[in-house]
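Worksheet: one structure, shown below.
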Ligand code: S3P
């Protein structure tokens, strides 16, 4: 049974890499944010607006406990998922967890390119964003680095590099 979970900050490429890895391994792919949105019939941003971050984290935790029971899947978590409650220990007990690590500068670049609807980043200028990312990584890294595996994805900025990342990931996971 294979259950692989990808964690990392927003903009680290969890969804892109997760989808590609799942395709390569011919396994179903679950993105936790998308799962939450389909179960709740609401966008993540709407949940944040209606219930605040605490409300979202509670839902996220509950949905994580559903998704991380599925067998033979690749899961990409939300950037904050490992950093609340006992989610990181739970993830480690359920899956082969990989931390996709990137520098704040690379994360910023990806986030400025992406059109993702991210409530925590809304309304921030690039200058504010880089400070916010650095500040968050300072405490989030302690959770992320509890992953069994870490893959540096700082160089992953085009399709060829994604392909390389997938092969590195397979090597890391021994599959
Ligand atoms: C969050 C990351 C988002 C989403 C929510 C909160 C975070 O997921 O879960 O906006 O706290 O880092 P992505 O990392 O997929 O953008």
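Is there a residue in the range 68-76 that is farther than 23 Å from residue 28 by Cβ and within 14 Å of the ligand (Cβ to nearest atom)?
no
Which of (1) surrounded by 12 or more Cβ atoms within 10 Å (Cβ to Cβ); (2) free of Cβ contacts under 8 Å to residues at least 24 places away in the same chain is the odd one out, the single condition residue 175 does not satisfy?
With respect to (1) surrounded by 12 or more Cβ atoms within 10 Å (Cβ to Cβ); (2) free of Cβ contacts under 8 Å to residues at least 24 places away in the same chain, residue 175 is out only on (2).
Looking at 108, 129, 151 in this structure, which one is touching a helix residue (DSSP H, G or I) at 6+ places or on another chain (Cβ under 9 Å), within 13 Å of the ligand (Cβ to nearest atom) and at pLDDT 95 or above?
After applying the criteria, what remains is 129.
Do we have any residue at all in the range 113-123 that's part of a loop (DSSP other than H, G, I, E, B), at positive phi and either in contact (Cβ under 8 Å) with a residue 12 or more places away in the chain or more than 13 Å from the ligand (Cβ to nearest atom) (or both)?
Yes, the range 113-123 contains at least one residue that is part of a loop (DSSP other than H, G, I, E, B), at positive phi and either in contact (Cβ under 8 Å) with a residue 12 or more places away in the chain or more than 13 Å from the ligand (Cβ to nearest atom) (or both).
Taking residue 65 and the conditions (1) farther than 24 Å from residue 175 by Cα; (2) within 15 Å of the ligand (Cβ to nearest atom), which numbered condition does it fall short on, given that it satisfies the others?
It is condition (2) that residue 65 fails.
The values are calculated or read from the model by the stated rules, or taken from the named source; none is laboratory data. Bear in mind the structure is a predicted one, so any value in this text is a computation, not a measurement. Cβ atoms come from the backbone with ideal geometry, glycine included; neighbour counts cover every protein chain shown.
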